[in-house]
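Structure first, commentary second.
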Amino acid sequence: MPGADVPQEQKAGWASFIKSLAQMTGDLSSMTAPPFILSPTSLTEFPAYWCEHPDDFAAISAGANEQDRMERVLRWFIGTLSAQYTTRNEKMGSEKKPLNPVLGELFYGVWPDANGRGETRLIVEQVSHHPPIGSMKSNGTSIYSYIENKTAGVRLQGHSGQKTSFTGTAINVKQSGHAVLTVQPKNGQKEEKYLITLPKLRIEGIVWGSPYIELTDTNAIQSSSGLTAQIDYKGKGYFTGKTHSFKANITNSSGKSIQTYEGQWTGKSHIGGSKGPIFLDTTTHREEVNVKDVSQQSEWESRKLWVNVAKGIRTGNYDQAGRDKTAIENDQRQRRKDETANNTTWQYLHFTHVDSDSDYQFLSALLHDKLTPPHEDAYVFRPETEGVVGRSN
């Protein structure tokens, strides 16, 4: 029954939201969702999901050869998916709409050294405008992140954005962006780079008020060594009939298959087939990122910025959360107007714009028709800002 999982006091708002979804065309990212489906967490925090298995991230550089390292990259990547796309269901009962970040929003975190793996650090910055003002058109959410473990010799730089549309029973999400992983092998072999593209999402259960995510279509991991991992995703009714299923295939530069993998990205997967050796068990313990207490954060850091909104959502005081959220968004609109009037532009803290990313161009060319578009606007991390935390304005 439609709306069966919606709280009674929220049913009217939910019905209105579903009606708005059905009538709206184009990108849905800026739509206001009913309060009960809001997450108290900003999208700026989401890159932390890429490293909730810091041991696997650090272990990539210990691979004996190119194939071993590609398999380690694939294992680490599949291990990130459950945290990225099912964590809200586990913690809050269903998928929640995250808070849209504001321009300049920052997030910092660390996974401390353990058993000699080295410390892993995370830096995230929001570089696009939200919400749109006047005639300014929003290009969607663009979040840039940098993750590095210097001891292990691995670092990841990436960005993500989303375009959403409603099909009548589900929301389709096309993710833009990519990540480039740089690995310095422990055995002294030459540095490798891996381009990681992003899968598409389908948010089911919208009509019943209990959303959950399925990954769809294909994404790829392309190594500078010439090896490629192609990952295909299917939901219930395909492959094994289980939800959250995937199949992956590592091929060489000639397209010859080297090894296959299959299973669930929320559970166990196997090498060479469903009865083969265990490849990965994603149900093992995840290590959440360490973040400074809000009282020690600067004004532009995500949890400090949204602290009152998050409190309202967590306590069910949605009216207050809405007022606090509106105040933040209005402040952003005024800042953009002031910049236009003064003929100034926002200055990014940790990332700088580049017209062409040479790593992306080289690696995406190796993927041929598996990756589109052939060129993406990009920002790159500024190493000299590594020790900078927060901004003053």
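Of note:
- Residue check, Phe57 part of a helix (DSSP H, G or I), open to solvent by less than 30 Å² (accessible area, probe 1.4 Å) and modelled with pLDDT under 95: no
- Just so you know, in the stretch 320-338 the residues that are more than 12 Å from Leu103 (Cβ to Cβ), in contact (Cβ under 8 Å) with a residue 24 or more places away in the chain and charged (D, E, K, R) include one that is most open to solvent (accessible area, probe 1.4 Å), and it is Lys337.
- Scope the stretch 250-277; condition more than 21 Å from Thr80 (Cα to Cα), out of contact with any helix residue (DSSP H, G or I) (no Cβ under 7 Å at 6 or more places or on another chain) and surrounded by 14 or more Cβ atoms within 10 Å (Cβ to Cβ); matching residues: Thr251, Asn252, Gly276
- Within the stretch 361-388, tally of residues that are at pLDDT below 85, part of a loop (DSSP other than H, G, I, E, B) and open to solvent by 40 Å² or more (accessible area, probe 1.4 Å): 5
- Residue check for Tyr194: at pLDDT 95 or above and within 15 Å of the chain's Cα centre (by Cα): no
- When Phe279 is tested against (1) closer than 29 Å to Pro98 by Cα; (2) in contact (Cβ under 8 Å) with a residue 40 or more places away in the chain; (3) of a type in the set (Phe, Trp, Tyr), just one condition goes unmet, and that condition is (1).
- All positions within the stretch 300-316 that are modelled with pLDDT of 90 or more and over 15 Å from Ser42 (Cα atoms): Thr315
- Test: residue in the stretch 343-357 that is open to solvent by less than 30 Å² (accessible area, probe 1.4 Å), of a type in the set (D, E, K, R) and assigned to a loop (DSSP other than H, G, I, E, B): yes
- The stretch 278-295, subset part of a strand (DSSP E or B) and open to solvent by 40 Å² or more (accessible area, probe 1.4 Å), residue farthest from Glu45 (Cα to Cα): Ile278
- Exactly one residue out of Val354, Val309 is touching a Phe, Trp or Tyr at 6+ places or on another chain (Cβ under 9 Å) and of a type in the set (Val, Ile, Thr), and it is Val354.
- Screening the candidates Ile203, Ile196, Ile213 for the property of being part of a strand (DSSP E or B), in contact with a helix residue (DSSP H, G or I) (Cβ under 6 Å, 6 or more places away or on another chain) and under 19 Å from Phe46 (Cβ atoms) yields one hit, Ile213.
- Restricting attention to the stretch 244-263, the residues being under 21 Å from Tyr212 (Cα atoms) and without any contact (Cβ under 8 Å) to a residue 24 or more places away in the chain number 3.
- Inter-residue pairs, beta-carbon under 9 Å, first farther than 23 Å from Ser223 by Cα and in the stretch 346-363, second open to solvent by 60 Å² or more (accessible area, probe 1.4 Å) and at pLDDT 90 or above, 6+ apart: Trp346/Arg335; Tyr348/Arg382; Leu349/Arg382; His350/Arg382; Phe351/Arg382; Thr352/Arg382
- Test: residue in the stretch 297-308 that is within 28 Å of Thr164 (Cβ to Cβ), assigned to a strand (DSSP E or B), in contact with a helix residue (DSSP H, G or I) (Cβ under 6 Å, 6 or more places away or on another chain) and open to solvent by 50 Å² or more (accessible area, probe 1.4 Å): no
- Residue match in the stretch 201-211 (condition: under 29 Å from Thr151 (Cβ atoms) and open to solvent by less than 10 Å² (accessible area, probe 1.4 Å)): no
- Qualifying residue in the stretch 100-116 (condition: open to solvent by 50 Å² or more (accessible area, probe 1.4 Å) and modelled with pLDDT under 90): no
The values are calculated or read from the model by the stated rules, or taken from the named source; none is laboratory data. It should be emphasised that the depicted structure is a prediction, and the values quoted were computed from it without experimental measurement. Glycine also receives a Cβ, built like all others from the backbone with ideal geometry; neighbour counts cover every protein chain displayed. Note: accessible area is taken over every heavy atom of the protein model, side chains too, but ligands, DNA and RNA are not part of it. Shrake-Rupley method; radii C 1.70, N 1.55, O 1.52, S 1.80 Å.
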